[in-house]
Amino acid sequence: MDKRILKSTQKIKNAYLDMLFKIEPNKIQVKDLCLAAHVNRSTFYERFGFIETLESEIIEEEMKKITFDGIQIDALPKESDGIDKELIRKYIKSFCGNKILIRMCTVENREKYVDIIAHNQIKICASALTEVSYYGAYFQCIGALATIIEWVNNHKNQSLNDIVDIVYNHSIAMFAK
């Protein structure tokens with residue numbers, strides 16, 4: 001990719017991330033974003049087309065920061081049912097440590113962000129650890145995310161171990177054969 005395109009793409013992403021913590025993401029407009037990034041709107045539309053495309057790319061980049069590769073997954077001891085509490089714990093800690101993902105999951109009208117995150121989460125853990133349908137994995141991811149988001153929104157009023165157990169038990173119920 002051309003260096004100018006890479007530079008303008010990064011400027012747009014940086015401006016979005018800066019705005020993300022100042023206003024609700026659903027209220028970020030292309031014209032304001034381009035003004036903050038010091039790029040023309042045509043540059044934005046040529047590169048992304050829609051603000052949702054930009055958001056998807058940012059979420060995917062953030063999710064990659066907490067991706068566990070096959071070697072990491074295989075190295076974890078598996079519980080008797082094939083679902084691993086340590087992987088769940090590691091995922092929750094990494095997810096909750098990512099300020100961008102947490103911001104997107106704790107705003108009003110967060111459904112579109114949660115949906116994008118769930119699709120990425122399937123790539124991270126559900127499909128790697130289980131042999132269930134895509135929709136089964138998606139349902140599991142939405143359930144796990146809802147639990148994590150509620151936990152964060154309620155200022156972590158339960159221990160991490162409690163949340164790991166909830167997600168683990170939900171996984172057992174979902175993937176039991």
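Things to note:
- Restricting attention to region 58-67, the residues that are closer than 24 Å to Gln29 by Cα and open to solvent by less than 50 Å² (accessible area, probe 1.4 Å) total 4.
- Residue count for region 7-37 satisfying the condition of being farther than 16 Å from Arg47 by Cα and either open to solvent by less than 90 Å² (accessible area, probe 1.4 Å) or not in a helix (DSSP H, G or I) (or both): 13.
- Scanning region 40-66 for residues that are in a helix (DSSP H, G or I), among the aromatic types (Phe, Trp, Tyr) and in contact (Cβ under 8 Å) with a residue 24 or more places away in the chain yields a single hit, Phe44.
- Filtered by the rule that a residue be over 19 Å from the mean Cα position of the chain (by Cα) and at pLDDT below 80, region 162-177 gives Ile172, Ala173, Met174, Phe175, Ala176, Lys177.
- Filter result for the condition that a residue is charged (D, E, K, R), at pLDDT below 90 and open to solvent by 60 Å² or more (accessible area, probe 1.4 Å), over Asp84, Asp74: Asp74
- Applying the set (1) under 30 Å from Tyr16 (Cα atoms); (2) open to solvent by 30 Å² or more (accessible area, probe 1.4 Å); (3) at pLDDT 80 or above to Leu101 leaves exactly one unmet item: (2).
The values are calculated or read from the model by the stated rules, or taken from the named source; none is laboratory data. All values derive from a computational prediction rather than experimental measurement. Because the Cβ atoms are built from the backbone with ideal geometry, glycine has one as well, and the counts that use them run over all protein chains shown. Ligands, DNA and RNA are excluded from the accessible area calculation, which covers all protein heavy atoms including side chains. Shrake-Rupley method; radii C 1.70, N 1.55, O 1.52, S 1.80 Å.
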